[in-house]
Amino acid sequence: MISYVILEDEISDLETLRAYLKTDARFFERGAFDCITKMDAFLKDQKIDLVFADIKIGETNLINHWTKMSKRPELILISSYPQYALPAFATEALHFITKPIKPEILCTALERAHRKIQLNITQKELNFFFVQSGKNKFNRVAFDELICIEADGEYLRIQLTENREILVFKRLKSMLSELPAAYFKQIHRSYIININHIDAIDFHEVQLMNKHILAVGKTYKSVIQEILSSNTTTL
């Protein structure tokens, strides 16, 4: 089952959402919060798969806070303000729901969340995947040999160890969604890297163990901060 928490400070909206969610046995609630700091503290100590969150909580905007959080489960955003839809997807939210919540829209969001989270679970159990490199050809790629992926027009260049490369017809965003999120991070609109192959890093560029140096996009500084925060020791 998929665990979730709810961030909502309007009691009537909270109860409506809860009533809908209880009808889907694939999901179970671990808690509900009326302020972001309470939810953030809970997430630091608990493993949660999914967050349903209103964007405006009191005077606080969740979108501004989300990228600064150390642990970020999958996210479905809810709001009375449709103008937040575009900024919402900048947080890589799975879905944006406009209030009042319609059951069919929530159902679509739940299906998307279930597919994505189950995919992540499956990926943790696997150490490789197949990528289509021709009409009838599929190459086996081990996660630990994949160094980085670079967008090149309508194609992706998959850089592997031992100076190997595979060219595939695929979008970068689509590829990122199919890789284990714990190890593969997008640092530029054109680059995905495997953090296990980082040799040196700062907020402007990443040097990989194959000596490639990749620029960090201006909008991806928070990704670098996340990598550093999660993998740096003070010893």
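FYI, it's all coordinate maths here, none of it is from the lab. Remember, it's a predicted structure, so these values are computed and weren't measured experimentally. Please note: Cβ atoms are built from the backbone with ideal geometry, for glycine as well, and neighbour counts cover all protein chains shown.
Nearest 10 degrees is fine. How inclined is helix 36-45 to the longest principal axis of the chain, computing both from alpha carbons? Between helix and principal axis, roughly 50 degrees. For the residue pairs LYS71/LYS221; LYS38/LYS173; LYS22/LYS99; LYS116/LYS211; LYS22/LYS56; LYS47/LYS218, alpha carbon separations beyond 22 Å are given by LYS38/LYS173; LYS116/LYS211; LYS22/LYS56; LYS47/LYS218. Taking every DSSP beta bridge that has both ends in the chain, the antiparallel portion is near 65%. Each Lys or Arg adds one and each Asp or Glu takes one away; over the other residues whose Cβ falls under 15 Å from the Cβ of LEU14, this sums to -2. Descending by average beta-carbon neighbour count within 10 Å, the peptides 102-110, 128-136, 48-56 line up as 48-56, 102-110, 128-136, the highest first. Normalised by 2.2 N^0.38 Å, where N counts its residues, the alpha-carbon radius of gyration of the range 97-181 equals 1.37. Label-to-label distance for TYR81 and TYR155 is 4.5 nm, based on points extended 7 Å past Cα in the beta-carbon direction. In terms of overall dimensions, the C-alpha atoms belonging to the range 2-124 reach 38, 32, 26 Å along their principal axes, ordered largest to smallest. Computing FRET efficiency as 1/(1 + (r/R0)^6) for GLU15 and LEU176, where r is the C-beta to C-beta distance and R0 is 25 Å, gives about 0.10. Among all the aspartates and glutamates, which ones have a C-alpha under 16 Å from LYS185's C-alpha, if same-chain residues fewer than 8 places away are not counted? Answer for LYS185, where 16 Å is the Cα cut-off: GLU74, GLU92, ASP144, GLU145, GLU150, ASP199, ASP202, GLU205, GLU226, listed by chain and number. The antiparallel fraction among DSSP beta bridges confined to the range 2-124 stands at about 10%. Each label was represented as a point 7 Å from its Cα along the Cα-to-Cβ direction; for PHE89 and LEU228 these points are 3.1 nm apart. Distance from the alpha carbon centroid of the range 169-202 to that of the range 1-37 works out to 31 angstrom. Annotation: the chain has a Kirkwood hydrodynamic radius of 19.4 angstrom, from the mean reciprocal C-alpha pair distance. Taking every alpha-carbon pair under 8 Å whose residues sit at least 6 apart, the range 32-93 reaches a relative contact order of 33 percent.
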